[in-house]
Amino acid sequence: MIIGETPPPSGAFGVDAIAMTMRFGDFLALDNVELKVRPGSFHALLGENGAGKSTLVKCIMGYYHATEGDIIVGGREQAIANPKDAHALGLGMVYQHFTLVPAMTVAENLVLARDDVPAVVNWPKEMKELEAFLGRMPFKVPLGAKVSDISAGERQKCEILKQLYLKRRFLILDEPTSVLTPAEADEVLGMLREMVVRGELTILMITHKFREVMAFADDVTILRRGKLAGAGKVSELTPDEMARTMIGAEELTVQPPRTGKPGQARLELQKLRALDDAGAVAVHDISLTFRAGEIVGIAGVSGNGQRQLVEVLAGQREAESGEIRIAGDPYRASREEMRRHKMSLLPEEPLKNACVGGMSVADNIAFRDFDREPFARGGWWLNPRAFRDEARTKIARYKIKTRTPDTPISALSGGNVQRAVLARELGDEVEVLIAANPCFGLDFAAVAQIHAEIMAARNRGAAVLLVSEDLDELLELSDRLVVMFHGEFVYEARTSEADLTVVGRHMAGH
Amino acid sequence: MADGSIGLWTVPLAVLGGAIRVSTPFLFVSLGECITERSGRINLGLEGTLVMGAMSAYGISYLSGSPWLGVLAAGITGALLGALHAGICSLPRVNDVAVGIALMLFGTGLAFYLGKPLIEPTAPRLPAIDFGWWSDIPQVRAALRINVLFLIGVVLAPILYWAFRTTRWGLLIRTAGESADAARAMGHSVLLIRLRATMVGGFLAGIGGSFLSLFYPGSWNEGLSSGQGITAVALVIFARWDPLLCLWASLAFGGAAALGPALQSVGVTSGYHLFNAAPYILTLAIMIITCSPKRTLTGAPAELSITR
């Protein structure tokens, strides 16, 4: 490539990041990393949480300014001072968190994203132009619908369409399929792949799904702890090799084998109904029985009532009607009932839903029993030493990385917050376990440990309700698989007999 | 009716006239606050802005002899107070509610201090248009003498409604209020958008204040505002951040506030103070009926500190 060449006015171009180093204070987030994305290629960027993937692409997009290193766009070195500079060069990014405005329509969001929004928008004319644009695009979205009313899959399509509408020719996608069903993911990535093959687009995709890397990517770059760990053509690599490059020499917790048969009914839901924050029915009269020594996986695209179901079971939301029974007794999510029935919870976003961020690790670990012997005398006089002793034992047993037991829990990394919750919720006997996306955003080591603990709880005879957006996790752990769509259970099968295409179809509501 | 006595019809007529009169400051403050809140910030200091607007309008009107210059001065004063609020709020870790309360006290205090010499003199007042010329009945004519600011406010509400949907500024304000992340990802400065929205909001609230001193009651004293500024902030919530609903809500509040004096004029004097409390009872009743602990407010800008 000749230095000094400008990016071509249309069609795909490549981006190289050379010798990138990024320092945040004492912390070295990127250490001399190199990334070469060929023009007209589909490039995957792999790495664990905290490996520096996001930092690297944010440096390319101008959100961060690399301490050292150069960005070469279409063969020419560019100083990208802010995202606007990157946009002007034709670079666009689809974020993991949606950047659409939920209260606005799809059309408003698209027009708003332009650099040249007219002072007064001529809506009839804009709508005509938008429809013409959509006609040329591989996937469709409802222009007049509010973003808050469309599914997560459609939102992700909107985000990608927005970038194409803005005529971006180098797209960075940050885990674009985490909210999609496998079929939707294949559809979206397949269509983007076609645009890449036609030479209209270059794609750099951050992901941790090897299946998608194998199926859609040409090249791969793997980061580990801020360093370049490997790179090459996907066709010359296997998923195992990539995984090993990602994790390095770290040892993972071994998951115990599945033992024992499911026993008697433990947790029963009868015509349970719950509303969402807007007052619409989110959980629609569902009934299901969970047995002891069984993991029931609830599959589904997020936003289909799973969150509200878990919140009702956790006591964070009142059920509108219906009944919950544990071991035959009615259950209304009081602390007393949770203790009596040995019910444990691993809610999603543990720092928000299962911890008090400003309180210490020791306090957070003691929440279940803080007002009982030996933590409290007479139910009110607390014994700080007992808190700290208990915390030390559990910190060692669950490998929680914290400076001291008195460190505020919000100072811990996501994986260690979840380990602390795990220590509290699974440290004693468990009869019912509710887990919601327990591994979301965590690294391999934490995921392996959490999976092992959940399986061990099942083997000890707990009834486990596992809600997850990750189908692979559900297929690995559950005995029985249920699909939730629009607040209802629409499909149920033994996991060993479940057909992935049928599951995917039900997740999409067909 | 030939004798000019209209009996009990006096009450609804007086309520109508009162609604128009009393609602004007509510209308301007709530439209201004609507703009500010749609951008994702709440300005509780509008009570102070209202009183400062009333004082400066009266002062400038008295000194220049033109009430319209007074209105402009009130708007500019309001915009400056808005800029002060937005400026303080753009500092890290500053809570907009606390700043608003501080500015409410600051605004009223400053107005009383600077307005001391204005209590005695009489300033030229704003004109009204006589829509009741066709009638012989004095009560009808009184009710239909409509002030020009009210008419401007009535036109402004649908314009704002339209502007939120179809203008670039409307879309940007909504984006900043609904998702600051989205606005930043598009390369807009959220702080700048909010600064401008708060200044425009202050401008309108200042004009609302000028109505108090230049039309009704039409003089400057320290008891001029009975909390209209702070009530109007609540009114925006009740109107679900919709400028058209702000207009109707202002009229309803104005009507409720006019109920006491209207009943007094036909001789119902018992419970006068109770009827004067009608707007506040109305507020409570509406809030209880429309709010639920199980639901979030519909239409609330997602970035607002009170709904987040």
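The values are calculated or read from the model by the stated rules, or taken from the named source; none is laboratory data. Note that the coordinates shown come from a computational prediction; the quantities given were computed from them, not determined experimentally. Here the Cβ is made from the backbone with ideal geometry for all residues, glycine too, and neighbour counts use every protein chain on show. Side chains are part of the model used for accessible areas, which takes the heavy atoms of the whole protein and leaves out ligands, DNA and RNA. Shrake-Rupley method; radii C 1.70, N 1.55, O 1.52, S 1.80 Å.
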Within the group B:Leu50, B:Leu46, B:Leu63, B:Leu81, which residue is farther than 18 Å from B:Val233 by Cα, of a type in the set (A, V, I, L, M, F, W, C) and out of contact with any strand residue (DSSP E or B) (no Cβ under 6 Å at 6 or more places or on another chain)? B:Leu63
Please work out which one of (1) away from chain B (no Cβ under 14 Å); (2) open to solvent by 30 Å² or more (accessible area, probe 1.4 Å); (3) of a type in the set (Gly, Ala, Ser) is the condition A:Gly226 fails and give its number. (2)
Of the residues in the stretch B:84-107 that are open to solvent by less than 30 Å² (accessible area, probe 1.4 Å) and in contact with a helix residue (DSSP H, G or I) (Cβ under 6 Å, 6 or more places away or on another chain), the one that is farthest from B:Gly229 (Cα to Cα) is B:Cys89
For the stretch B:131-189, give me every one of the helices (runs of 4 or more DSSP H) that falls completely inside it and has 1 or more residues that are modelled with pLDDT under 90 and crowded, with 21+ Cβ neighbours inside 10 Å. B:138-143, B:180-185
Can you pull out the residues in the stretch A:45-90 that are β-branched (Val, Ile, Thr), without any contact (Cβ under 8 Å) to a residue 60 or more places away in the chain and touching a helix residue (DSSP H, G or I) at 6+ places or on another chain (Cβ under 8 Å)? A:Ile71, A:Ile80
Which residues, counting only those in the stretch A:139-150, are part of a loop (DSSP other than H, G, I, E, B) and either aliphatic (A, V, I, L, M) or crowded, with 16+ Cβ neighbours inside 10 Å (or both)? A:Phe139, A:Val141, A:Leu143, A:Ala145, A:Ile150
Picking from B:Phe215, B:Phe203, the residue that is open to solvent by 40 Å² or more (accessible area, probe 1.4 Å), more than 14 Å from every other protein chain (Cβ to nearest Cβ) and closer than 26 Å to B:Ala57 by Cα would be B:Phe203
A:Ala66 passes all but one of (1) open to solvent by less than 10 Å² (accessible area, probe 1.4 Å); (2) farther than 30 Å from B:Thr298 by Cα; which number fails? (1)
Criterion (under 22 Å from the mean Cα position of the chain (by Cα), farther than 28 Å from B:Ala183 by Cβ and either surrounded by 15 or more Cβ atoms within 10 Å (Cβ to Cβ) or at pLDDT 75 or above (or both)) met by exactly one of B:Gly267, B:Gly271, B:Gly254: B:Gly254
For the stretch B:41-72, which residues satisfy the criterion of being hydrophobic (A, V, I, L, M, F, W, C) and open to solvent by 20 Å² or more (accessible area, probe 1.4 Å)? B:Leu44, B:Ile60, B:Leu63, B:Trp68, B:Leu69, B:Leu72
Count, please, the residues in the stretch A:251-272 that happen to be out of contact with any helix residue (DSSP H, G or I) (no Cβ under 6 Å at 6 or more places or on another chain) and at negative phi. 15
Among residues belonging to the stretch A:117-132 that are away from chain B (no Cβ under 12 Å) and either charged (D, E, K, R) or farther than 11 Å from A:Leu143 by Cβ (or both), point out the one that is surrounded by the fewest Cβ atoms within 10 Å (Cβ to Cβ). A:Ala132
Can you tell me how many residues within the stretch A:95-116 are open to solvent by 10 Å² or more (accessible area, probe 1.4 Å), more than 24 Å from A:Ile60 (Cβ to Cβ) and at the interface with chain B (Cβ under 9 Å from one of its Cβ atoms)? 3
Enumeration of residues in the stretch A:401-458 that are over 29 Å from A:Arg224 (Cβ atoms), part of a loop (DSSP other than H, G, I, E, B) and open to solvent by less than 50 Å² (accessible area, probe 1.4 Å): A:Pro405, A:Gly427, A:Val430
Exactly one of A:Leu89, A:Leu45, A:Leu56 is out of contact with any Cys (no Cβ under 9 Å at 6 or more places or on another chain) and within 14 Å of chain B (Cβ to nearest Cβ), and that one is A:Leu89
Which condition number in (1) touching a residue at least 24 places away in the same chain (Cβ under 8 Å); (2) in contact with a strand residue (DSSP E or B) (Cβ under 7 Å, 6 or more places away or on another chain) is the one that A:Pro330 fails? (1)
Positions within the stretch A:36-52 being of a type outside the set (Phe, Trp, Tyr), closer than 27 Å to A:Gly199 by Cβ and crowded, with 23+ Cβ neighbours inside 10 Å, in sequence order: A:Val37, A:His43, A:Ala44, A:Leu45, A:Leu46
Close pairs (7 angstrom Cβ cut-off, 6 or more residues apart or separate chains): within 17 Å of B:Ala252 (Cβ to Cβ) and open to solvent by less than 10 Å² (accessible area, probe 1.4 Å) in the stretch B:222-235, not in a helix (DSSP H, G or I) and not basic (Lys, Arg) anywhere: B:Val233/B:Leu44
Got a number for residues in the stretch A:365-400 being assigned to a loop (DSSP other than H, G, I, E, B) and touching a helix residue (DSSP H, G or I) at 6+ places or on another chain (Cβ under 7 Å)? 7
Here is a list of conditions, (1) assigned to a helix (DSSP H, G or I); (2) open to solvent by less than 60 Å² (accessible area, probe 1.4 Å); (3) modelled with pLDDT under 95, and B:Pro121 meets all of them except one; can you say which number that is? (1)
Go through the stretch B:169-191 residue by residue and tally those that are touching a Ser or Thr at 6+ places or on another chain (Cβ under 7 Å), over 21 Å from A:Met93 (Cα atoms) and at the interface with another protein chain (Cβ under 9 Å from one of its Cβ atoms). 1
Among the listed residues A:Asn364, A:Asn416, which satisfies the condition of being under 25 Å from A:Leu477 (Cβ atoms) and of a type outside the set (Val, Ile, Thr)? A:Asn416
Filter pass, A:Arg193 being open to solvent by 30 Å² or more (accessible area, probe 1.4 Å), free of Cβ contacts under 8 Å to residues at least 40 places away in the same chain and away from chain B (no Cβ under 14 Å): no
Cβ-Cβ under 9 Å pairs, at least 6 apart or on other chains, the stretch B:248-273 side at negative phi and in contact (Cβ under 8 Å) with a residue 24 or more places away in the chain, far side open to solvent by 50 Å² or more (accessible area, probe 1.4 Å) and of a type in the set (Lys, Arg): B:Gly254/B:Arg21; B:Ala258/B:Arg21
Hey, does the stretch A:377-393 have a residue that's free of Cβ contacts under 8 Å to residues at least 40 places away in the same chain, open to solvent by 50 Å² or more (accessible area, probe 1.4 Å), farther than 30 Å from A:Leu267 by Cα and in contact with a strand residue (DSSP E or B) (Cβ under 6 Å, 6 or more places away or on another chain)? yes
What are the residues in the stretch A:267-278 that are open to solvent by 40 Å² or more (accessible area, probe 1.4 Å) and away from chain B (no Cβ under 14 Å), if any? A:Glu268, A:Gln270, A:Lys271
